[in-house]
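> Sharing a structure, written as structure tokens. Questions coming.
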Amino acid sequence: MRTALLAYQRGQAGVSAQHGFRGLVMEGRDIGSVIFPNADFRFFLHAHADERARRRANEGQQDSITERDRLDSSRKTAPLACPQGAISIDTTHLTLPQVVEAMAVIIAAKLGAG
């Protein structure tokens, strides 16, 4: 199943290009480490566990953040970790628009420099 999902996710870059998009934005726990390890921009977003639990509760989710992190960080295939070269952003005290803005500033700076 994981292999099929990997191929599907990587295939979305081609779908994006076929439709004339200049890029593709994806999020997930292994997008920057496994799916697109050579992407032009890779961000690793993290926040304190209690803040993430509060956010998930506001979405109606009731799961153990610390247990999920423990399992994801220790799994054999694609363990959760900030990939080398990715830009780490602590979102604990940021709103979603602030996170998007922080990422946009980094992207604009790099694109403007090239």
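> With respect to Ala17, is the statement that it is outside any loop (DSSP other than H, G, I, E, B), open to solvent by 60 Å² or more (accessible area, probe 1.4 Å), modelled with pLDDT under 90 and on the phi < 0 side of the Ramachandran plot true?
When the stated conditions are applied, Ala17 does not pass them.
> Look through the range 65-114, keep the residues that are hydrophobic (A, V, I, L, M, F, W, C) and over 18 Å from the mean Cα position of the chain (by Cα), and return whichever of them is farthest from Arg55 (Cα to Cα).
My answer is Ala113.
> Could you list, in sequence order, all residues of the range 34-44 that are over 9 Å from the mean Cα position of the chain (by Cα) and either open to solvent by 60 Å² or more (accessible area, probe 1.4 Å) or within 13 Å of Ala81 (Cα to Cα) (or both)?
Within the range 34-44, Val34, Pro37, Asn38, Asp40 meet the criteria.
> Among Ala57, Ala47, Ala86, Ala81, which is the only one that is more than 23 Å from Leu111 (Cα to Cα), open to solvent by less than 40 Å² (accessible area, probe 1.4 Å) and not acidic (Asp, Glu)?
Step by step, each of Ala57, Ala47, Ala86, Ala81 is checked, and only Ala47 is more than 23 Å from Leu111 (Cα to Cα), open to solvent by less than 40 Å² (accessible area, probe 1.4 Å) and not acidic (Asp, Glu).
> Note down all Cβ pairs under 7 Å where the first residue falls in the range 39-58 and is under 14 Å from Thr95 (Cβ atoms), the second is part of a helix (DSSP H, G or I), and they're at least six residues apart or on different chains.
Leu45/Val99
> So, one more: Within the range 4-32, count every residue that is of a type in the set (S, T, N, Q) and in contact with a helix residue (DSSP H, G or I) (Cβ under 6 Å, 6 or more places away or on another chain).
1
> Restricting the first residue to the range 87-105 and requiring it to be without any contact (Cβ under 8 Å) to a residue 60 or more places away in the chain and assigned to a helix (DSSP H, G or I), which pairs with a second residue that is surrounded by 11 or more Cβ atoms within 10 Å (Cβ to Cβ) and of a type in the set (Val, Ile, Thr) meet a Cβ separation below 7 Å and a spacing of at least six or different chains?
Short answer, once both residue conditions are applied: Val99/Ile89; Val99/Thr91; Ala102/Ile89.
> Okay, moving on. Testing Met26 on (1) among the aliphatic types (A, V, I, L, M); (2) under 18 Å from Arg2 (Cα atoms); (3) in a helix (DSSP H, G or I), one condition comes back false. Which one is that?
It fails just one condition, (3).
The values are calculated or read from the model by the stated rules, or taken from the named source; none is laboratory data. Worth saying up front: this structure is predicted, and the values here are computed from it rather than measured. Cβ sites come from the backbone with ideal geometry, for glycine too, and all protein chains shown count toward neighbours. Accessible surface is based on the protein model in full, side chains and every heavy atom, while ligands, DNA and RNA are left aside. Shrake-Rupley method; radii C 1.70, N 1.55, O 1.52, S 1.80 Å.
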